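Peer 1: Here you go, one structure.
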Amino acid sequence: MTVSVLLFIILAIGATGYALGVRRARAAAGGDTRKLHSLTGYHGQSVLLFSAVPALVLLGLWLVLQPLYLDHRAGAMIAVADIPEGGSLDLVLADVRRVAEGLDLLVASGGMTEDDLAATGAADSDLKARLGGVGVALAGEVGEGVFEAARDYRHATHGLSLAMAAATIAAALAGLVFALRRIGTDYRARNVSEGFVLLLFIASSLVAVLTTVGIVASLLIESIHFFRLYPARDFLFSLTWNPQFRGGSDLGIWPLLWGTLYVSFVALLFAVPVGLLSAIYLSEYASRRLRALAKPAIEVLAGIPTIVYGLFALVTVGPFLRDWFAQPLGLGSGSSSVMTAGLVMGIMLIPFVSSLSDDIINAVPQSLRDGSYGLGATQSETVRQVILPAALPGIVGAVLLAASRAIGETMIVVMGAGAAAKLDLNPFEAMTTITVKIVSQLTGDTEFASPETLVAFALGMALFVFTLGLNIVALYVVRKYREQYE
Amino acid sequence: MDDMRLTERALDAGTTKIMARGVQVFYGDTHALRDVDVDILDRTVTAFIGPSGCGKSTFLRCLNRMNDTIPVCRVEGTITLDGEDIYDRRVDPVQLRAKVGMVFQKPNPFPKSIYDNVAYGPRIHGLTRNKAELDGVVEQSLRRAALWNEVKDRLHAPGTGLSGGQQQRLCIARAIATSPEVLLMDEPCSALDPIATAQVEELIDELRANFSVVIVTHSMQQAARVSQRTAFFHLGNLVEYGETGQIFTTPRDPRTESYISGRIG
C-alpha cells in the first residue's frame, strides 16, 4: 500500500470522525445544541484531530525510521569481504537497495515469480542482464552477500510497509473511537481542540527551529572535519587564499572576507541613500497617483533574477566603469571590479531599502507631522527631525536586511567582480567573496574529503556567524530605539 | 464658575487680532463652512462650540493654514492677522505658523527628549543665540505650561514616556516656546482626565495675559469657564458670536439656545 493511499485513508477516517463527532454531540444533547458546552463543530474538530494527527505523526516517524532500520539490518548481513577495495559500506548498501528495487520491478513485470526469486542465487548468470532489462543498471557483478541482503531487504520492506499501514490505520481508528466516546453534553470540546491546535502551532514553529539547528549542525560537523585536516589558525589568520588541488594550499579567509565586506559596503553605499531618499520622496512629497505608479516600478527591480543583474554588470556596467573611470584614472584595466559588482548589487538592493522604508515612513502617525507643521517647520525639517527619528528602527531593519542580502549574493559577484581572491583597497580591482568561493570549491571534479573542498563548509560557517552577528546587532538597535519611541 | 457672574466678567477692550470675512471652505465638492465672519480679539480666550462636524475645527485650521496640508481642501474669503491677509501669495505659511501656534486634540510629542521637544520650535526658527538662552526658553516654557516641577530632573528622558496630561502640557509648552501671538487649541482636553483638564484650563487662563487663545471644545462648561468670547457653529454656519456670558445666558438665536440647553447636538 503506497503512502499516498495511506494518507488518503487517514484523512478519510478523520473526515468521517468529524461527521460522526458532530452527529454524536447533537444526539447527546437530544437535538438541542444549546445544552452542549461547546459548539458541535468543536466536537467534530476534536474527533478529527484525535484520529488524524496521531496517525499522521506515526506515519511520519515510521517513514523516517524504516530506512534506518533496514540499512542497519542489511549492513549486518554484509560481510567485510563483500566490500570491494576502496569502497565503503554506504556504497554497498546503495547497491543492495538498487538490487532490491530491481527485484521488485522484475516480480512486478512478471519476469520472475516469488518462487523463482526464492530459488535463484547471485550465481545466476543472467541476473545482471535481467535487472538491466527493467532499468536497473549495475556497475559490477552482484555478489552473493549483496544478493542475499537485497532479497532480505525486499522481504523486510514488504513486511514493514504492511505493518506501517496496519499500525497507522489502527492508530487513526483508535483515536476516532477514543474521541467519540468522550463526547457528551459536559465535554469541553472547545478547550480540548484549542489546546490541540496550540500544540500544532508549537510543533510547526519547532520545525523551523529544528531545521535551523540541523543546518548549523551539518555545517559544524563538516567544518570540524575541515579543521582536523587544516589548522584553524591558518584559516583564520592567513592573508592568502591559494587552493591547490594537489595539496599544500593556503586557505586564509581574509581575502574573501575583505572582498565580501568591500563589495557589500559599496552596494550599501549606493543603495541606502538612493533607496531612503526615494522612499522619503514617495511617502512625503509624491502625489498619490505618482506614488501608485512609481512604487511598483521600483519594486520591479526586486523581481529581476540576479543572473540578469550579473549580465548587466558584465556587459554594460563593467566596460563602462573601465573605459570612463578606471583607465582614465589609471586605476586598472579590467572590467571586473569591486565597483562593478557593488554598483549593480546596489541597484538590486534599492527596492529592499526603498519599499520597506516607504511603508515604515507611512506608518509614522499623521499627528506628528501636524505637530511639526503647526510649529512652523518646513516639510524637509519635519522629515529630518521628526519623521526619520520616529521611523529609524524600521529603517535600520530595512538596511540590515539589505546588508544580509548583499553579503549572501553570489551571481552578481561572479559576473561583476571576478573570482580572484585579493586583499586590495583599489575599488577597480577584481576581487571575490565568500559565497563565490564556496561555489567554486564545491563544484568540479574533486575529492570530497580534501581540505580544499571541506573549506567550503568552514566558509559557510563563517558567513553564518557573520550574518547572525549582524542580525543580533539589528535586533539590539531596533529594540533600543523602539523603547524610546513608543 | 458661577453662571450668574458670567455677565459681570471683566473684559479687556482688546484690539482685533484676527479678522475673518466671508470664509468658505470646501473639501472637494463638500461645502464644509459657509460665510464665516469673526473678529478674534487680542489677549482674549475665544471658544468655538458646536456639535461634531459643524466646521469649528476646520475654521480653526484655516487660521494657521494647516488646511494647506490637505490636498482637496480649498479656502475662500479673507482672513487677516494684524491687518495682513494670511492667504496672500506673499505670505509664507511656515512663518505664519510660527506666529499662530497650535495644540492638537491628541497629545503628539515628538519621539525626542522632553528638552528637544520644547526646543524644537526655537531651533528651527533660530530664536536663540546660544545654548544658555535656549535652556532659558525651555525652562520658561515648561514653567508656564505648569510642567517644569514634574520634569526638571529628567529633561532628557523621552517625551513619549510622560502621562497623557503631562504630554498635553508638553505640547502646550512646545507651542508657546516659539512665542506665538495666537495659540490655537483643538479640543486640547478631550484626551485628559478631570485633574489634567483643570490644570490645562488654568494654564489657558494664564496664557491670556500674553497671547490670544482660540479653543475648540465640546464641553460647554469648559467654554464657559475659560473663555471671554464664544462662537457657536452649526452645520457649517457660524450661528452666533459674542461675549461668553451673553451667549450662555441670553442667546439671540434659537439654535444656540437649543444647543446650550442640550436639545440639539
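The values are calculated or read from the model by the stated rules, or taken from the named source; none is laboratory data. Quick caveat, the model's predicted, so the values are computed rather than measured. With ideal geometry, Cβ positions are generated from the backbone for all residues, glycine too; neighbour counts draw on all protein chains shown.
Peer 1: In the range B:52-92, what count of residues is obtained for those that are within 9 Å of another protein chain (Cβ to nearest Cβ), under 23 Å from B:Pro188 (Cα atoms) and surrounded by fewer than 17 Cβ atoms within 10 Å (Cβ to Cβ)?
Peer 2: So the count comes out to 2.
Peer 1: Being surrounded by 14 or more Cβ atoms within 10 Å (Cβ to Cβ), in contact with a Lys or Arg (Cβ under 8 Å, 6 or more places away or on another chain), hydroxyl-bearing (Ser, Thr, Tyr) and in the same structural domain as A:Leu400 (by TED's automatic domain parsing) narrows it down to one residue among A:Ser283, A:Ser264, A:Ser249; which is it?
Peer 2: So the residue among A:Ser283, A:Ser264, A:Ser249 that is surrounded by 14 or more Cβ atoms within 10 Å (Cβ to Cβ), in contact with a Lys or Arg (Cβ under 8 Å, 6 or more places away or on another chain), hydroxyl-bearing (Ser, Thr, Tyr) and in the same structural domain as A:Leu400 (by TED's automatic domain parsing) is A:Ser283.
Peer 1: Taking the condition closer than 21 Å to B:Gly161 by Cα, in contact with a Ser or Thr (Cβ under 8 Å, 6 or more places away or on another chain) and surrounded by 24 or more Cβ atoms within 10 Å (Cβ to Cβ), does B:Val118 pass?
Peer 2: Answer is yes for this residue.
Peer 1: Let me ask something additional. Among what's in the range B:38-85 and is over 18 Å from the mean Cα position of the chain (by Cα) and among the small types (Gly, Ala, Ser), pick the residue that is modelled with the lowest pLDDT.
Peer 2: B:Gly83
Peer 1: Under 6 Å between Cβ atoms, at least 6 apart or on separate chains: pull out the pairs that start in the range A:313-333 with a residue that is part of a helix (DSSP H, G or I) and end on any residue that is β-branched (Val, Ile, Thr).
Peer 2: Within 6 Å, the pairs are A:Ala313/A:Thr340; A:Ala313/A:Val344; A:Ala313/A:Ile412; A:Val317/A:Thr340; A:Val317/A:Val344; A:Gly318/A:Thr340; A:Leu321/A:Thr340.
Peer 1: Tell me whether the range A:342-363 contains one or more residues that are without any contact (Cβ under 8 Å) to a residue 60 or more places away in the chain, closer than 29 Å to A:Val477 by Cβ, in the same structural domain as A:Leu423 (by TED's automatic domain parsing) and not in a helix (DSSP H, G or I).
Peer 2: So far as the range A:342-363 goes, yes, one or more of its residues are without any contact (Cβ under 8 Å) to a residue 60 or more places away in the chain, closer than 29 Å to A:Val477 by Cβ, in the same structural domain as A:Leu423 (by TED's automatic domain parsing) and not in a helix (DSSP H, G or I).
Peer 1: Another question, if that's okay. Against the condition closer than 27 Å to B:Ala196 by Cα and either modelled with pLDDT under 90 or within 13 Å of chain A (Cβ to nearest Cβ) (or both), how does B:Gln140 come out, does it pass?
Peer 2: no
Peer 1: In addition: Please specify each residue of the range A:322-370 satisfying the condition of being under 30 Å from B:Thr58 (Cα atoms) and more than 14 Å from chain B (Cβ to nearest Cβ).
Peer 2: Answer for the range A:322-370, where residues must be under 30 Å from B:Thr58 (Cα atoms) and more than 14 Å from chain B (Cβ to nearest Cβ): A:Asp358, A:Asp359, A:Asn362.
To keep it simple, each residue is scored yes or no on (1) more than 14 Å from chain B (Cβ to nearest Cβ); (2) over 16 Å from A:Ser283 (Cβ atoms); (3) surrounded by fewer than 17 Cβ atoms within 10 Å (Cβ to Cβ).
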| position | (1), (2), (3) |
| --- | --- |
| A:Val383 | no, no, no |
| A:Ala390 | no, no, no |
| A:Gly394 | no, no, no |
| A:Val399 | yes, yes, no |
| A:Gly408 | yes, yes, yes |
| A:Ile412 | yes, yes, no |
| A:Lys422 | yes, yes, no |
| A:Asn426 | yes, yes, yes |
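Peer 1: Here's a follow-up. Check off (1) without any contact (Cβ under 8 Å) to a residue 60 or more places away in the chain; (2) part of a helix (DSSP H, G or I); (3) within 22 Å of the chain's Cα centre (by Cα) for B:Gly242 and give me the number that stays unchecked.
Peer 2: (2)
Peer 1: In the range A:47-70, which residues are surrounded by fewer than 17 Cβ atoms within 10 Å (Cβ to Cβ) and not β-branched (Val, Ile, Thr)?
Peer 2: A:Gly60, A:Leu61, A:Leu63, A:Leu65, A:Gln66, A:Pro67, A:Leu68, A:Tyr69
Peer 1: Output the residue which, of all residues in the range B:143-165 that are surrounded by fewer than 22 Cβ atoms within 10 Å (Cβ to Cβ) and under 26 Å from B:Leu41 (Cα atoms), is nearest to the other protein chains (Cβ to nearest Cβ).
Peer 2: Going through the qualifying residues, I end up with B:Arg144.
Peer 1: Same structure again: Contact list please: Cβ distance under 9 Å, first residue in the range A:168-196 and closer than 13 Å to A:Thr40 by Cα, second residue among the β-branched types (Val, Ile, Thr) and not in a helix (DSSP H, G or I), pairs at least six apart or on different chains.
Peer 2: A:Ala189/A:Ile183
Peer 1: Going through the range B:95-138 one residue at a time, which ones are in contact with a Phe, Trp or Tyr (Cβ under 8 Å, 6 or more places away or on another chain) and β-branched (Val, Ile, Thr)?
Peer 2: Selection gives B:Val138 alone.
Peer 1: Can you tell me which residue among A:Val53, A:Val57 is part of a helix (DSSP H, G or I), without any contact (Cβ under 8 Å) to a residue 24 or more places away in the chain, of a type in the set (Val, Ile, Thr) and out of contact with any helix residue (DSSP H, G or I) (no Cβ under 6 Å at 6 or more places or on another chain)?
Peer 2: Within the list A:Val53, A:Val57, the selection yields A:Val57.
Peer 1: For the range A:378-464, list the helices (runs of 4 or more DSSP H) that sit wholly inside it and hold at least 3 residues that are over 26 Å from the mean Cα position of the chain (by Cα) and farther than 29 Å from A:Leu475 by Cβ; which are they?
Peer 2: So the answer is A:379-382.
Peer 1: Another question about this same structure. Here are A:Val300, A:Val338: which of them is under 27 Å from A:Gly408 (Cβ atoms) and exposed (fewer than 12 other Cβ atoms within 10 Å of the Cβ)?
Peer 2: Just one listed residue meets the conditions, A:Val300.
Peer 1: Related question: Working only within the range A:16-46, note down all residues that are assigned to a helix (DSSP H, G or I), hydrophobic (A, V, I, L, M, F, W, C) and surrounded by 15 or more Cβ atoms within 10 Å (Cβ to Cβ).
Peer 2: The answer is A:Leu20, A:Val22, A:Ala25, A:Ala28.
Peer 1: Which condition number in (1) among the aliphatic types (A, V, I, L, M); (2) within 8 Å of chain A (Cβ to nearest Cβ); (3) in contact with a His (Cβ under 9 Å, 6 or more places away or on another chain) is the one that B:Ile124 fails?
Peer 2: Every listed condition holds for B:Ile124 apart from (3).
Peer 1: For the range A:353-375, name all the residues that are touching a helix residue (DSSP H, G or I) at 6+ places or on another chain (Cβ under 7 Å), surrounded by fewer than 24 Cβ atoms within 10 Å (Cβ to Cβ), closer than 27 Å to A:Pro296 by Cβ and not basic (Lys, Arg).
Peer 2: Residues satisfying the conditions are A:Ser355, A:Leu356, A:Ile360, A:Ile361, A:Asn362, A:Val364.
Peer 1: Might you check whether a residue that is more than 19 Å from the chain's Cα centre (by Cα) and either outside any strand (DSSP E or B) or more than 14 Å from every other protein chain (Cβ to nearest Cβ) (or both) occurs anywhere in the range B:166-188?
Peer 2: no
Peer 1: Within the group A:Gly121, A:Gly86, which residue is in contact with a Phe, Trp or Tyr (Cβ under 8 Å, 6 or more places away or on another chain), at pLDDT below 70 and either more than 30 Å from A:Leu49 (Cβ to Cβ) or among the hydrophobic types (A, V, I, L, M, F, W, C) (or both)?
Peer 2: A:Gly121
Peer 1: Exactly one condition in (1) surrounded by fewer than 16 Cβ atoms within 10 Å (Cβ to Cβ); (2) farther than 16 Å from A:Ala419 by Cα is not met by A:Val272; state its number.
Peer 2: Result: A:Val272 fails condition (1) only.
Peer 1: Would you check if B:Pro111 is facing another protein chain (nearest Cβ under 8 Å) and part of a loop (DSSP other than H, G, I, E, B)?
Peer 2: Yes.
Peer 1: Could you say whether any residue in the range B:21-37 is at pLDDT below 90, within 14 Å of chain A (Cβ to nearest Cβ) and over 20 Å from B:His234 (Cβ atoms)?
Peer 2: Yes, the range B:21-37 contains a residue that is at pLDDT below 90, within 14 Å of chain A (Cβ to nearest Cβ) and over 20 Å from B:His234 (Cβ atoms).
Peer 1: A:Glu222 - would you say it is within 14 Å of chain B (Cβ to nearest Cβ) and touching a residue at least 24 places away in the same chain (Cβ under 8 Å)?
Peer 2: It is false that A:Glu222 is within 14 Å of chain B (Cβ to nearest Cβ) and touching a residue at least 24 places away in the same chain (Cβ under 8 Å).
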